[in-house]
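Below is one structure, written out as C-alpha cells; comments come after it.
Every read-out reported here was derived from the displayed coordinates using simple, explicitly stated rules and does not represent laboratory data. None of the values given here were measured: they were computed from a predicted structure. Note: ideal-geometry Cβ built from the backbone for every residue, glycine included; neighbour counts use all protein chains shown.
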Amino acid sequence: MKMKMIPVVALAGCLSIAALAGCSSSQPASSDTAEKSDEAVEQIELETVEMQKMSAADLEANLDNEDYLVVDVRKSADYDAGHIPGAISADLDAAVNGDNATGVASLTAALLEATGSENGEGKTMVLVCYSGNKYAQAGTDILNYLGADMGNVYTLDGGMKGWTGETVTE
C-alpha cells in the first residue's frame, strides 16, 4: 500500500510546484493564452491623425489613374447599394464602434486583396465614408497604424454625400 502512495504523493508535489511556478510566471496558463491574446488584439489603440481632404472633382479626374485606390469604408451593405466606380470595400463599422482590431483586419484584408500590400504601399488612397468624418477618421488612423505613407492618404471631402451632391451636415 505504501508503494502506491509514493507516486501519488510525488505527483501531487509536482503539481503543487507547477502551480506555484505558474503563479509567479509572467506567462498565463495555456488555457488562458487564447483568451488573453484575443483580449490584447481587441485593445488596439490608434493614434488620431489629421485627415487630408480631396475634392470630388480631383478624385473624378483620377479615377482611371492606376496609382489611385478608392477605399469605401462604409458598411458593406451601403457599399453594395452603390459606390464609386472601381472602389474597394473595407467595412470599418466595427472600428467606429470601438473594435479597432476588427477594423484593422477588415482594412488589411481589403488592401491585401487589392494591392498585395497590407498598407496600400505605392498607392494614393482616397477613403470614402458617409460624410467625410467618423468612418474616414477610423480608416486614416488604421492606415497610420499599418504604416501607410500618410502623405498619400486622403479623405473624400464630404464623403459619399459629397460625391453624389447631397448636402453634408455635421
Using +1 on the beta carbon of Lys and Arg, -1 on that of Asp and Glu, and nothing else charged, what's the dipole of segment 121-170 about the Cα centre, debye to 20? 80 debye
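Considering all projection directions equally, how large on average is the shadow of the alpha-carbon convex hull of segment 105-151, in square nanometres? Please report the intermediate quantities before stating the final value.
Details: hull surface 12.4 nm².
Quarter of the Cα hull surface area: 3.1 nm².
Quickly rank 54-65, 88-99, 126-137 as a protection proxy: mean count of other C-beta atoms within 10 Å, highest first.
On the way: 54-65: 14.0, 88-99: 19.8, 126-137: 23.8.
Descending mean neighbour count gives 126-137, 88-99, 54-65.
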Rg (one decimal) and Dmax (whole number) from the Cα set of segment 89-131, in Å, equal 10.6, 29
To the nearest 20 debye, segment 40-159 has a Cα-centred charge dipole, built from +1 on Lys and Arg Cβ and -1 on Asp and Glu Cβ, of 200 debye
Dipole of segment 59-120 (Lys/Arg Cβ +1, Asp/Glu Cβ -1, origin at the Cα centre): which of 112, 84, 94 lies farthest to the positive side? 94
